[in-house]
Amino acid sequence: MIAENLAKIKAQLPIGVELVAVSKFHPTEDLLQAYHAGQRIFGESRPAEMTLKADSMPKDIKWHFIGHLQTNKVRMIVPYVDLIHSVDSMKLAKVISQEAQVIGRKIDVLLEIFVATESTKQGFTPNQLLELLENRAFDELDGINIVGLMAMASLTDDKQLIETEFRTIAQLFQKISTQYLPMKEISMGMSSDYSLAIEQGSTMVRIGSLIFGNRKY
Ligand SMILES: *Cc1c(COP(=O)(O)O)cnc(C)c1O
């Protein structure tokens, strides 16, 4: 099933859009099925789960951290992670930069933008981020490399609202790339809304349940 699910999704992805297989809460046997079907990028949302899986799985896997990251867990994932999608505060950006430098790495990160209607979601508002960039707040963080933006749309059936939120991200990406710092990735789109995200310019979709089925928490 997993291989078929992957194949179906991949057939719909335009060239240049990467698939992050969101494997949180799924056992490594399931991840291995995806791996043997050619998948190499996996997304996890809990530090301990990610490092345990990384230790026991093939070393050519790229581990992406996609969940809310507490600053006291940064040290745990820094040796393993290929891309952190969910940098949602200045404090977290600083801690990642520091911990990366301690082990001699420079870690690729995405800045998470808050555009959804639910207050439970995290991230910088577009205006907060523009102000930080205007003040060169990230300039001295030598342990991170900001390669793009990440966002989650509202959990709703209202397609127009989702589209508007994704468009806001794409426009912010353009503005930042031309005025402040060149970036290359827009991580947006999950199982329920990845087609809309791609239409609006996503370069990375994070898909879990469509590949692995429902999660058992
Ligand atoms: C769990 C999760 C996903 C995947 O969600 P699905 O609906 O299962 O595709 C994507 N992004 C983030 C940030 C997540 O936490």
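Residue separation times 0.36 nm, minus the C-alpha to C-alpha distance between K175 and T156: what's the value?
4.1 nm
With the radius of gyration and the Kirkwood radius both derived from the Cα set of region 1-95, what is their ratio Rg to Rh?
Dividing the radius of gyration by the Kirkwood radius yields 0.99.
Grab the beta carbon distance between F25 and N145, set R0 = 30 Å, and tell me the FRET efficiency rounded to 0.05.
0.55
Using a 1.4 angstrom probe on the protein heavy atoms only, line up S202, S177, S119 by accessible area, largest first.
These residues rank, largest area first, as S119, S177, S202.
Given 4 °C and 1.567 mPa s, how large is the Stokes-Einstein diffusion coefficient of the chain in µm²/s, with Rh as the Kirkwood radius over Cα pairs?
Stokes-Einstein gives a translational diffusion coefficient of 74 µm²/s.
I'd like the trypsin sites (Lys or Arg not before Pro) in region 159-217 restricted to DSSP loop residues with at most 16 other Cβ atoms within 10 Å, sorted by number.
Passing sites in region 159-217 are K184, R215, K216.
Which is the longest stretch in the chain that no exposed loop site breaks, taking sites as GluC sites (Glu not before Pro) with a DSSP loop state and at most 15 other Cβ atoms within 10 Å? Please report the intermediate quantities before stating the final value.
Numbers: sites that count: E118, E140.
Longest gap between qualifying sites, sites excluded: 1-117.
Which pairs break 23 Å Cα to Cα here: K73/K94; K62/K91; K10/K184? Please list the in-between numbers first.
Values: K73/K94 13 Å; K62/K91 25 Å; K10/K184 20 Å.
Pairs exceeding 23 Å: K62/K91.
Need one number: the % of Cα-Cα pairs in region 40-87 sitting beyond the 17 Å mark.
Details: 209 of 1128 pairs.
When all Cα pairs of region 40-87 are counted, 19 percent exceed 17 Å.
Each label point is 7 Å from the Cα along the Cα-to-Cβ direction; what then is the distance between the points at A37 and S192, in nm?
So the label points at A37 and S192 sit 2.2 nm apart.
Relative contact order, percent, of region 51-193 when contacts are C-alpha pairs under 8 Å separated by at least 6 residues?
Numbers: 225 pairs, mean separation 29.1, N = 143.
The value is 20 percent.
Using helices alone, I'd like the mean residue ellipticity at 222 nm for the chain: each DSSP H run of four-plus residues gives -39500 (n - 2.57), total over residue count, nearest 500.
After summing the helix terms and dividing by residue count, I get -11500 deg cm²/dmol.
Can you list which of the chymotrypsin sites (Phe, Trp or Tyr not before Pro) found in region 1-110 are DSSP loop residues with at most 13 other C-beta atoms within 10 Å?
Of the chymotrypsin sites (Phe, Trp or Tyr not before Pro), not one in the loops of region 1-110 has a Cβ with at most 13 other Cβ atoms within 10 Å.
Find the accessible area per residue for the chain; the probe is 1.4 Å, ligands and nucleic acids are left out, and the unit is Å². Present the calculation step by step, with values, prior to reporting the outcome.
Values: 10640 Å² over 217 residues.
Heavy-atom accessible area per residue stands at 49 Å².
The values are calculated or read from the model by the stated rules, or taken from the named source; none is laboratory data. No experiment lies behind these values; they were computed from the predicted model shown. Methodologically, a virtual Cβ is constructed for each residue, glycine included, from the backbone with ideal geometry; neighbour enumeration extends over all protein chains shown. What goes into the accessible areas is simple: the full protein's heavy atoms, side chains included, and nothing from ligands, DNA or RNA. Shrake-Rupley method; radii C 1.70, N 1.55, O 1.52, S 1.80 Å.
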